[in-house]
Each structure stands twice: as structure tokens, then as C-alpha cells.
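First the structure, in the form of C-alpha cells, and then the observations on it.
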Amino acid sequence: MGILVDENTRIIVQGITGREGSFHARACKAYGTNLVGGVTPGKGGQLFDEEVPVFDTVAQAVEETGANLSLIFVPPPFAPDAIVESADAGVPLIVCITEGIPVLDMVKLDKYLQSTPVRLIGPNCPGLITPGAKCKVGIMPGSIHQAGRVGVVSRSGTLTYEAVGQLSDLGIGQSSCVGIGGDPITGTSFVDVLRMFNDDSGTDLVVFIGEIGGTKEQEAAAYIKAEFTKPICTLVVGAAAPAGKRMGHAGAIITGESARVEAKTAALQDAGATIIPTPADIGITAQAVLQQLK
Amino acid sequence: MKIHEYQAKEIFARYGVKIPRGKVVRTPQEASRATEELGGQSVLKSQVHAGGRGNAGGVKVVRSPKEAEDAAQQMLGKNLITRQTDAKGVPVNELLVEGLADIAQETYLAITIDSSHRGPVILASAQGGMDIEEVAAANPDDIHTEPVDSTLGLMPFQSRRLAAKLGFSPELARPAAQAIHALYRLFVENDCSLVEINPLIATGDGEIVALDAKITVEDDSLFRHADLYELRDVSQEDKLEAQAADLDISYVSLEGDVGCLVNGAGLAMATLDAAKNAGASAANFLDVGGGATDEKVASAVEIILSDPKVKQVLVNIFGGILRCDIAARGVILAYKNKNSSLPLVVRMLGTNVDEGKAILRDSGLNVTFADTIAEAAQAISAAR
């Protein structure tokens with residue numbers, strides 16, 4: 001089980017002939033992902049790595065391969081176009097890795113996507129992985145993952161790997177791991193992902209990793225308190241960050257009291273989450289909660 | 001990217017938003033002449049990329065050209081330290097000399113992107129001229145939030161509502177609404193992340209004037225705003241932060257003594273937190289990015305080693321796209337270039353980790369290896 005992807009997911013990569021796109025298309029394929037095609041305008045008819053067909057348009061790729069997920073590695077000025085092209089071609093799930101899309105472009109895209117049935121993960125995210133289905137759609141190192149029953153959701157990339165590494169080291173496998181992205185506006189929210197984990201019979205526990213800035217963690221806390229039925233362990237990073245400074249993620253600017261770690265942790269604790277005390281304790285906290293479940 | 005008040009006001013004027021008469025000066029003599037042209041009295045405003053200028057002595061009212069010259073002599077060429085700067089402050093190279101305004105009413109207006117509204121919002125308060133963070137903390141109801149639909153844009157009724165929330169009388173509602181409309185257009189067309197006016201005033205003659213102006217342009221959109229990028233003033237940026245930005249490295253200078261090299265913003269924040277929990281304190285936040293080469297890693301480490309506060313260096317790399325052997329070579333290169341012998345704590349995981357560790361072990365550098373983030377934090381605090 002797991003969320004968003006499974007054995008029937010058929011993936012195309014937009015930007016497959018680019019430096020990043022080709023590297024990660026190869027890594028996803030090596031992990032076992034069902035990569036059915038790629039799209040680069042002007043390079044239609046070529047074969048990527050002598051076996052994956054490249055198309056000029058997403059519509060052609062969908063027509064020929066039955067693709068139902070598009071993974072996007074297109075530079076920021078062209079990424080909005082790539083996203084809308086996939087939505088227009090009827091691809092129901094889009095994962096956009098691209099970092100640096102102007103926020104006002106995302107505002108418009110987000111508005112447009114709400115009028116379609118399409119789900120966007122990202123942008124500025126590591127993607128998602130369901131180890132049990134051998135399906136990796138993103139830039140995470142596949143080798144650190146194990147199939148299992150813990151869901152992971154985070155705003156970050158490498159910190160998600162850190163969490164997964166700590167879990168796998170203790171023999172705790174993952175159902176699905178989703179990075180929603182570090183930008184102020186993302187296609188999929190924490191609440192969206194938590195709702196899917198809540199409905200997934202393959203997930204027993206969720207590890208949730210938030211960070212300073214905005215109020216996304218408080219929105220998640222409100223949902224957890226009202227509807228979430230599974231145990232959840234949470235960590236919010238950025239306690240050592242100074243106020244008003246941008247720490248790499250545009251969404252992580254501390255704008256007020258509610259954006260601080262203390263406020264977010266308090267909201268999650270109030271919602272019944274088990275608080276992970278430090279970034280070093282992700283694995284052992286999850287292990288302790290799992291033992292109580294037995 | 002921040003720009004100066006006078007640059008922001010030039011943009012305001014282009015959009016039809018009224019600003020006070022004024023002139024940018026770089027010498028005391030120019031300040032004197034500008035004051036004379038303004039009728040013998042003026043306000044001198046330090047042009048720095050930091051708020052809180054007024055309380056820090058960065059804004060002075062002068063009653064004669066001579067007074068202007070003396071005040072400018074005091075202000076120019078010095079560093080201004082405000083509550084938003086570090087202890088060094090920021091250099092004052094330019095002053096904006098403006099005529100004194102006849103203030104009948106002071107209000108606060110700002111436009112920004114709010115992630116919970118998933119778009120632009122306009123903030124309006126009748127409590128202008130004060131520290132807005134204090135207003136927000138003490139009387140949050142005094143700040144009105146108006147979300148704007150990105151497809152429709154700001155609708156006229158919203159501008160009218162905002163004018164009323166600012167507390168303007170019905171006669172002023174029309175010019176105020178026009179100004180708000182122009183500012184929203186400016187915000188969108190220039191890809192701003194913040195436009196802020198504190199105060200937006202009504203004068204005795206019934207004009208709406210932006211007495212102050214703050215514009216922050218969103219960094220990710222600068223690729224399509226070459227004209228705005230030319231307004232960048234590197235003198236206002238932390239030297240190491242500016243150097244890092246030019247190399248596309250995300251770096252923020254902090255107060256502690258542990259230099260940190262990390263890949264990924266989230267992991268970098270977690271590393272800072274882990275150091276703090278172990279009783280140590282980071283000298284910087286640094287995310288070297290995913291696709292870094294050994295030269296880029298070396299540049300990043302050289303920036304860390306250029307910081308005189310740094311007494312030891314912590315490397316925390318989760319190798320994915322960035323391979324550990326590349327990171328190791330970069331670190332060694334930087335230590336060689338900087339001829340440094342500072343102790344090094346290295347935690348590496350993921351792609352090519354054994355090779356990376358072997359390269360560092362054979363380098364002759366003073367390296368302590370750690371397997372986990374917790375061990376790394378302990379190793380740092382033990383070395384203190």
C-alpha cells in the first residue's frame with residue numbers, strides 16, 4: 001500500500017534530456033520505477049538510454065504510453081509552462097522538483113490547478129517514494145529506504161532523508177515518504193498528505209517534519225486534532241534560526257510569533273502529537289511509539 | 001532583494017503614487033544645497049537596508065542648510081546600528097533629503113504574499129507611524145487583512161474598503177483607493193515579496209503621500225527584472241553573505257563559533273538546532289545545494305573559514321545528488337587554499353561515503369568522524 005503511487009503508476013519525465021532530468025530519470029528507473037517516457041520539445045523521436053521514448057509534447061507522451069504521472073525537471077522560467085502542459089494533457093498527478101519558481105507564478109498556477117482535478121506535489125521538493133511498490137518519483141537516494149508501515153511527510157529534502165535514514169537504521173520501514181516542498185505556496189499541503197495517510201491501510205504511524213515560517217504546521221495541527229486517527233511524531237526545525245532571516249527556503253522567514261518553533265510545537269503537542277525532542281531523536285521516538293502500539 | 005527608500009520612491013512616482021519632494025545626496029555640501037532648495041528646512045534620512053532607523057538616529061530634522069551640512073557630516077560614512085542590524089551595523093553612503101511634510105493623519109499599508117491565503121494580501125492599519133510588530137502583538141484587530149484574488153486582481157470595492165479601514169475621511173477615500181490600486185499593480189508587475197509604507201499620510205491639503213517606502217523584490221524573480229537587479233547595493237549586505245549569494249550558495253551569518261557546511265536547507269536548520277542542543281552555537285547557516293561540484297564545496301568552506309568567529313567546522317552531508325567524495329575533496333581544497341588547521345567534525349552519509357571518509361582520513365587534517373547527527377553535535381561541544 002502507501003499513498004499517491006503504486007505498481008500501476010506510469011511515469012514520464014519532463015526535461016529528461018537535461019542534466020538533472022537525465023541523472024534522476026536513470027536513478028528512478030534503476031530503483032524499479034515504471035518510467036515509460038520523457039518529454040523534451042524538439043527532441044521527439046529520440047530514445048533515452050536506448051529504450052525510453054522521448055516525445056515533443058506531453059499530450060503525445062500520454063497518448064502513446066498511458067502515462068499518469070509527470071515528474072518535472074525544467075528550469076524555473078519554463079517550469080510553470082511544463083506544469084500546465086501536463087495538466088492540460090490530463091495527467092492527474094504532477095511532481096515538480098524545480099527550485100526557484102517565482103512565487104507570483106505559483107499563485108496563478110495554484111489557482112488554475114484548483115479548477116482542475118490535477119494534484120501537484122511541490123515545487124521545490126524532493127518528490128515522493130513508496131518503497132513497497134518500488135516506485136521512486138524524485139531525487140531522494142533510494143538505497144536508504146525500506147518497505148514498511150511508517151509514513152513520512154516533510155517540507156524539506158535532505159532532512160527527510162535524515163528521518164528516513166534514522167528509521168531504516170532501526171529496521172523501521174516506510175509506507176510512503178512525501179516532500180511537499182519548501183516554497184510559500186505548494187500544490188499539496190501537509191493536511192492533504194495527512195488525510196491520505198489517515199485513509200491508507202498500509203500506514204500505522206506518521207513522522208511529520210515541519211520548519212519555521214508561515215502557519216502550515218498550525219493548519220496541520222488543527223486537522224490532526226479534529227480528524228487524524230493515527231499516532232503521529234512531529235519535529236519542527238529552526239529553533240536556532242534568527243528572526244527575519246531567510247534560511248534557504250523562501251517559506252521559512254519568521255514573520256511573527258506563530259512562525260516560531262515554540263508556537264508550532266505547542267500547537268502540535270496540543271493536537272496530541274508525540275514531540276520529537278531533537279533532530280537526532282527521529283528514529284528512536286518513532287520506535288518508542290510503535291512499541292506502544294504492539 | 002531589498003532596495004533603498006529613494007529607489008522605491010522613484011518606482012512609486014512612476015506608478016502615480018505621491019511622494020515628498022526630495023533629493024539623494026552623498027556629501028554634506030549636497031545636503032546643505034538640497035535643504036536650501038527645499039526652503040531651508042528638511043529631514044535627512046539615512047539610506048540603509050534596515051528598519052528602525054528613526055530610533056537609531058538615522059533620521060534627522062534640520063532647520064537650516066548649515067544644520068543640514070553638520071548633521072550630514074555626522075551621518076555619512078558611518079555605520080548605522082538599528083534593532084534590525086547586527087552589532088556592526090550598515091554603512092550610510094547616501095541620504096535622502098526631503099521637505100518637511102504637513103502630516104494630518106498617519107496610516108500603515110503593506111502588500112505581501114501570505115501562504116495561508118495562497119496569494120497576495122494587503123495589510124492596512126489606521127495606526128501608522130508606529131512599530132507595526134508592536135501593533136500586531138498588542139492590538140491584532142487594528143490590522144485589517146485583505147486577500148486579493150490573483151486572477152481578478154484588486155477590485156475597486158476592496159480599495160475603497162481598505163481606504164475606510166485606514167481611517168480616511170470620505171473625501172480622501174478616492175485618492176487613497178487610487179494609491180492602493182497603483183501600489184498593488186506595482187507589487188505584481190515588479191514581482192515584489194513586500195511593499196510597505198509606514199506611514200502613508202494624509203497632508204493638511206488633503207493629499208495622500210507615501211512618506212516612507214520599502215520594496216523587497218523576490219529573489220527568484222530577478223531573472224526577469226534586470227532593471228531592478230541593477231539597484232542591488234552590495235554595501236548593505238553582509239560581506240560573506242553577498243559572496244555566497246554570488247556563488248548561488250545559501251548562507252546566513254550567525255553569532256556563534258561553529259562553522260557549518262550542510263547540504264539542504266532543512267538539514268542545515270536541523271544541524272543548527274542539534275549544535276544548540278549540545279551547548280554549542282553555529283557561526284552560520286549554509287546550504288551548499290544539491291548539484292555542487294568540489295570547487296563549489298571548496299568556495300563554501302572558504303567562506304566559512306574567512307569568518308574570524310569560526311573556531312571549528314562541522315560538516316554534515318547527506319549524500320544524494322551531492323556525493324561524499326566530492327564534498328571531501330572540496331573541504332580539503334579549501335583548507336589548503338586558506339592554510340587552515342581548524343578542527344573539523346565530519347558526519348557523512350549516503351552516496352560514496354566510504355570514499356569520502358577515506359579521502360579525509362588521508363588528508364592529514366584534524367578530523368573527528370561522527371556517524372549520527374547526535375554524535376556530531378557531541379563532538380563539537382567536546383572540542384570546545
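The values are calculated or read from the model by the stated rules, or taken from the named source; none is laboratory data. Predicted model, so just to flag it, every value in this text is computed and none were measured. All Cβ positions, glycine included, derive from the backbone under ideal geometry; neighbour counts span all protein chains shown. These accessible areas exclude ligands, DNA and RNA; they are computed on the full protein's heavy atoms, side chains included. Shrake-Rupley method; radii C 1.70, N 1.55, O 1.52, S 1.80 Å.
Computed values, structure above
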| quantity | calculated |
| --- | --- |
| Whole-angstrom gap from the range B:71-114 to the range A:259-294, using each part's C-alpha centre | 43 |
| Ratio Rg/Rh, restricted to the range A:153-196 and using Cα atoms, in which Rh is the Kirkwood radius | 1.01 |
| Longest to shortest principal axis, alpha-carbon extents of chain B, angstrom | 76, 51, 39 |
| Share antiparallel - DSSP beta bridges, chain B, percent rounded to 5 | 70 |
| Centroid-to-centroid separation of the range B:307-354 and the range A:134-171 [C-alpha atoms, Å] | 24 |
| Tilt relative to chain A, helix A:216-226 - C-alpha long axis, 0 to 90 degrees, to 10 | 70 |
| Viscosity 0.890 mPa s, 25 °C: Kirkwood-radius Stokes-Einstein D of the protein assembly as shown over Cα pairs, µm²/s | 92 |
| Highest to lowest packing among A:265-277, A:122-134, scored as the average C-beta count within 10 Å | A:122-134, A:265-277 |
| Calculated FRET efficiency for the pair B:Glu10/A:Arg26, C-beta based, R₀ 35 Å, to 0.05 | 0.10 |
| Value of D in µm² per second that Stokes-Einstein yields for chain A, Kirkwood Rh from Cα pairs, at 4 °C (1.567 mPa s) | 67 |
| 0 to 90° range, to nearest 10: angle between helix B:65-75 axis and chain B longest Cα axis | 10 |
| Stretch gain in nm, segment B:Ala137-B:Asp371, where the contour uses 0.36 nm per residue and the Cα spacing is subtracted | 79.9 nm |
| Per residue Cα convex hull volume in Å³ - calculated over the range B:197-272 | 172 |
| Stokes-Einstein D (µm²/s) once Rh is taken as the Kirkwood radius of the range A:87-161 over alpha-carbon pairs, at 25 °C in 0.890 mPa s | 177 |
| Rg and Dmax of the range B:311-382, Cα atoms only, in Å | 11.3, 31 |
| 0 to 90° range, to nearest 10: angle between helix B:5-14 axis and chain B longest Cα axis | 50 |
| Test item: B:215-225 mean partner chain Cβ contacts at 10 Å | 4 |
| Size of electric dipole in the protein assembly as shown: Cβ of Lys, Arg +1 and of Asp, Glu -1, about Cα centre, debye, nearest 20 | 700 |
| From the C-alpha gyration tensor of the range A:140-293, square roots of 5λ in Å | 23, 17, 15 |
| Average beta carbon contacts from partner chains per residue of A:106-115, 10 Å cutoff | 3 |
| Spin-label model distance (nm) - B:Phe157 vs A:Arg195, 7 Å beyond Cα toward Cβ | 2.9 |
| Cβ-Cβ FRET estimate between A:Ile275 and B:Ser381, R0 fixed at 25 Å, reported to 0.05 | 0.65 |
| Calculated FRET value between B:Asn93 and B:Glu230, using beta carbons and R₀ = 22 Å, to 0.05 | 0.85 |
| The range B:1-64-the range B:170-200 distance, computed between alpha-carbon centres (Å) | 20 |
| Estimated distance in nm for a label pair at B:Arg26 and A:Glu51, the labels positioned 7 Å out from Cα along Cα-to-Cβ | 6.4 |
| Cβ crowding within 10 Å averaged over residues, with A:148-154, A:38-44 ranked highest first | A:148-154, A:38-44 |
| Mean Cα-pair separation over length for chain A, i.e. relative contact order, pairs under 8 Å, 6 or more apart, % | 14 |
| Space enclosed by the convex hull of the alpha-carbon atoms of the range B:21-100, per residue, Å³ | 71 |
| Intensity falloff of the range A:11-121 expressed as log10 I(q)/I(0), Debye formula with alpha-carbon point scatterers, at q = 0.11, 0.12 Å⁻¹ | -0.30, -0.36 |
| Percent of Cα pairs exceeding the 27 Å cut-off, where the set is the range B:5-144 | 30 |
| Solvent-accessible surface (1.4 angstrom probe) belonging to A:Phe78, in square angstrom, nearest 10 | 130 |
| Rg(Cα)/(2.2 N^0.38 Å) for the range B:238-382, N = residue count | 0.90 |
| Extent along principal axes [Cα atoms of the range A:54-115; Å; largest to smallest] | 34, 25, 15 |
| Relative contact order of the range A:105-206, pairs being alpha-carbon contacts under 8 Å that are 6 or more residues apart, as % | 34 |
| Within the range B:9-35, backbone nitrogen closer than 15 Å to the virtual label 7 Å beyond the Cα of B:Gln84 toward Cβ | B:9 |
| Gain in span if fully extended, B:Lys239 to B:Arg174, counting 0.36 nm per residue against the direct Cα distance | 18.9 nm |
